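The values are calculated or read from the model by the stated rules, or taken from the named source; none is laboratory data. Remember, it's a predicted structure, so these values are computed and weren't measured experimentally. All Cβ positions, even for glycine, are placed from backbone atoms using ideal geometry, and neighbour counts span all protein chains on display. Side chains included, ligands, DNA and RNA excluded: accessible areas come from the protein's heavy atoms. Shrake-Rupley method; radii C 1.70, N 1.55, O 1.52, S 1.80 Å.
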Amino acid sequence: MNDSKEFENEIALISDKDKQDFVRYYFDNNYVPKYFWEIGASSTGKYHPKFAQGDGGLVRHTKAVVMFAQELLRMSSYAFMKDEYKDLAIIACLCHDTCKYGESEFDKDKYSIHGELASQNVAQAWFDYFGTECPYLLTNAILTHMG
């Protein structure tokens with residue numbers, strides 16, 4: 001299955017081809033639970049806009065997060081940031097909620113640790129794909145995305 005095709009426009013924002021391929025690998029090789037593609041971004045509708053609610057809302061939320069990040073990286077003082085760091089920011093945005101309710105099965109009790117779960121998942125996928133430790137900037141951005 002090629003679930004990453006849903007994010008082709010966002011993946012294209014990553015300048016490094018190897019990192020683009022990593023993101024495709026992450027989404028296409030069972031690191032992302034199936035529920036990710038089906039659920040809304042918020043179980044209550046309280047903390048996310050209407051467009052991110054309902055079937056596929058978490059995917060739409062992820063796309064919006066990348067869009068906003070890209071705009072910030074393009075228009076602000078971050079425009080002079082190294083491409084390597086911009087790439088990691090886009091990857092973090094794509095992956096930040098991939099384990100929102102658990103690593104495999106939907107479990108609302110896992111919400112409070114979803115940053116940690118996604119960070120660990122990305123780190124494992126990175127090691128599996130590249131054979132090296134995942135950059136701290138990436139795992140930490142995912143881990144701490146809730147503040």
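Numbers below:
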{"read-out": "Selected residue (only one of 69, 125, 92, 141 is free of Cβ contacts under 8 Å to residues at least 40 places away in the same chain and either part of a helix (DSSP H, G or I) or in contact with a Gly (Cβ under 6 Å, 6 or more places away or on another chain) (or both))", "value": "69"}
{"read-out": "Scan of segment 86-107 for residues that are among the charged types (D, E, K, R), open to solvent by 30 Å² or more (accessible area, probe 1.4 Å) and at pLDDT below 95, ordered by number", "value": "103, 105, 107"}
{"read-out": "Residue within segment 99-106 that is within 14 Å of the chain's Cα centre (by Cα) and either among the basic types (Lys, Arg) or not in a loop (DSSP other than H, G, I, E, B) (or both) present", "value": "yes"}
{"read-out": "Members of segment 108-134 found to be closer than 15 Å to residue 25 by Cβ, of a type outside the set (Phe, Trp, Tyr), within 17 Å of the chain's Cα centre (by Cα) and open to solvent by 20 Å² or more (accessible area, probe 1.4 Å), listed by number", "value": "121, 123, 124"}
